[in-house]
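Please read the structure below before turning to the comments.
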Amino acid sequence: MNSLPKLGEALSDEHISFSETFSRSCRRSILQMTTNAASGHPGGSLSCVDYLSLVYTFILSQSGDPIVVSNGHISPAVYAVLAEMGYIEKEPVVEGFRKIGTPYEGHVTRHVPGVWYGTGPLGAGVSAASGFALAGALQERKEKVFALVGDGESEEGQVYEMMHVAAKYKLDNFIVFMDYNEVQLTDSLAEVMPYHPKAHFEASGWHVIEVDGHDYGAMWEALKEAYDVKGKPVFILGKTIMGKGVDFMEKTGRAREATWHGKTATQEQIQPALDGELALSGEQKLEIRNFVEKLVTWHPEKPSFPELLSKTTIKTGEPRVYEAGEVGDCRGAYGKALLDLAEENEDVVALTADLAGSVKTDGVQKAFPERHIDVGVAEQQMVSMSGGMSLSGFTPFCSTFGAFMTSRAKDQARVNDINMANVKMVATHCGLSVGEDGPTHQAIDDSGSFLGFFNTMLLEPADPNQCDRMIRYVASHYGNFYVRMGRHKISVLTKEDGTVLFDANYEYYYGRCDVLREGADVTIAAMGGTVAEALAAWEVLKEKGVSAEVVIVSSIKQFDTPLFTSLKKTKKLVTVEDHNTHSGLASQLAKALQEKKISLTACMNLGVKEYQLSGKWNELYAAAGIDRGAIVDAVQKIIT
């Protein structure tokens, strides 16, 4: 093959012959790597490899357009294609697939050159791919974004969320191919969950193309049609056969049996195929080598990951200062800071799930409507889409209530964490502060949801001024952040002389702890909305002759010197949080104190210990024992 085909022109016999040879070599690698590992998913890898081969060889080899493989378990197909393209070495992946010490994980990973987004949990990848597509549309790039999705995978509700959002934003640069082999892990699609993907995508407003997923000429024509579509995303329904190209696997695939979905073959089983239908002549191997050396013009960069908390190019602007005596909520301060950031930076975008007014992204919505993305009631789509956008040059802030961000979208945030993305998750209406909405909306376990994430930082502001600095900080530092805040209004915190505590000179850094009031008898460590309660308790205690030190804690994953210094001095501690103590401030500070070998003589942990009902925030604080009165009582108990 001396030249690549052009879209709009039929594939020549030479092009089709090359594609068959390329795919045959990939199929050899798929069998070898899954058999060597005695683990993996050969059936689906074999059914989708013809499409992957076509796209990589004839399009991506020149353009380097993003491609996200959402059904990440077909990693053998992806790695096999990347190896044939010369992007990775073949022998290490064939020998090291799914083995410790190699980057060739069981599901596609960003540690491998040519992989744009690591996937595994079904549904998340195609949502992230829509984020790449939206980013491309906003930046007016000419590239297409490709995604591969499984048919069983598309039973996930997140895929339906993606369908709606991609259609809403008319992502005509987005091409999704479904590997429609009609077999999923345990049985056929007809038995497990019959549905109609063509009808669903059409009903969602997509341009739908049906094609034989093993017919290179037909798929090439389908891609040309996809490129010509305007104003709609494109769905290519590729009818395929599980196990295609390997006789004994293809036989069960044609019968819609799940035999080889997640089961690997032995060396004795695959050897006849390697020697027979998948055998390659020296001339065929040379043809692939010549293609790589002479016709491949785009090569992926070596994977790199920015250092967590490293500074980005985001301009933070001038901080706002809320004056002493002002009363406001942190979510309002968030909205204003976000608007400032959007005015300073064209790559700052806001995403929300039908809550713009509640989470205060409406300022961006009015000023920069093209950079305000409302996904509807689709939190999972929002978080995954943000992941894709963050790896496409944008700094996305996605916002919803804490109960939804950390429960419904936890899986999606976890996949972003694994991908070391750069998503700023800001949750409002957290804790009992949400009040009358009741226990379903009172997020009292949300911080704990993200505690186990290695690349996600947790923050909670104590007043509007600190919130303003936090938002500017997370925008300008790399990594995923979860910023939680309550709903009720808080008085601006002041120093003992009445001046603003978090003034224009205040600079936030991750984990910063600040002494609000000095004392010697006991340390009150408080977070978020309970800081104002701790300050009120300090006033009462002072009148009673008790010298309490109030320390504002901003993160349960990172503590700071002023807190430890205070505890070494007082040896007594009361923690206060609008969260449960099992996975919040109390438990995490106890661990930190143990690691630093700081011993206390007395300690009480105030937090939400059971679900509360509806009520005003201050009533709920009192009922849960985290208000000023409860703090005073706790301090008096441990100092006597």
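Can you find a residue that is in contact with a strand residue (DSSP E or B) (Cβ under 6 Å, 6 or more places away or on another chain), surrounded by fewer than 16 Cβ atoms within 10 Å (Cβ to Cβ), in a loop (DSSP other than H, G, I, E, B) and not assigned by TED's automatic domain parsing to the domain that holds Ser433 anywhere in segment 527-546? No: zero hits.
Scanning segment 356-370 for residues that are buried (at least 19 other Cβ atoms within 10 Å of the Cβ) and touching a residue at least 60 places away in the same chain (Cβ under 8 Å) yields a total of 2.
Residues that are in a helix (DSSP H, G or I) and of a type in the set (A, V, I, L, M, F, W, C) were ranked within segment 456-486; the one that is surrounded by the most Cβ atoms within 10 Å (Cβ to Cβ) is Cys467.
Got a sec? Which of Met178, Met162 is assigned by TED's automatic domain parsing to the domain that holds Ile59, in contact with a helix residue (DSSP H, G or I) (Cβ under 8 Å, 6 or more places away or on another chain) and in a helix (DSSP H, G or I)? Met162 is the lone residue from the list that is assigned by TED's automatic domain parsing to the domain that holds Ile59, in contact with a helix residue (DSSP H, G or I) (Cβ under 8 Å, 6 or more places away or on another chain) and in a helix (DSSP H, G or I). Scanning segment 388-447 for residues that are assigned to a loop (DSSP other than H, G, I, E, B) and either touching a Lys or Arg at 6+ places or on another chain (Cβ under 7 Å) or among the β-branched types (Val, Ile, Thr) (or both), we see that the one that is farthest from Asp374 (Cα to Cα) is Ile444.
Exactly one residue out of Ala409, Ala403 is touching a strand residue (DSSP E or B) at 6+ places or on another chain (Cβ under 6 Å) and either crowded, with 24+ Cβ neighbours inside 10 Å or of a type outside the set (Lys, Arg) (or both): that is Ala403. A single entry from Thr119, Thr35, Thr109, Thr102 fulfils the requirement of being assigned by TED's automatic domain parsing to the domain that holds Ile175, touching a helix residue (DSSP H, G or I) at 6+ places or on another chain (Cβ under 9 Å), of a type outside the set (A, V, I, L, M, F, W, C) and assigned to a helix (DSSP H, G or I): Thr35.
At least 2 residues being over 17 Å from Glu533 (Cα atoms) and in contact with a helix residue (DSSP H, G or I) (Cβ under 9 Å, 6 or more places away or on another chain) is the threshold, and among the helices (runs of 4 or more DSSP H) wholly inside segment 573-640 those reaching it are 585-595. Being at pLDDT 95 or above, surrounded by fewer than 17 Cβ atoms within 10 Å (Cβ to Cβ) and either outside any loop (DSSP other than H, G, I, E, B) or not assigned by TED's automatic domain parsing to the domain that holds Asn416 (or both) is a property that Leu341 lacks. May I ask you to list the residues in segment 172-194 that are aliphatic (A, V, I, L, M) and either at positive phi or touching a strand residue (DSSP E or B) at 6+ places or on another chain (Cβ under 8 Å) (or both)? Listed by number, the residues that qualify are Ile175, Val176, Met178, Leu189.
The values are calculated or read from the model by the stated rules, or taken from the named source; none is laboratory data. Computed from a prediction, not measured in an experiment: that's the story for all the values here. Glycine gets a Cβ as well: all are built from the backbone with ideal geometry, and neighbour counts include every protein chain shown.
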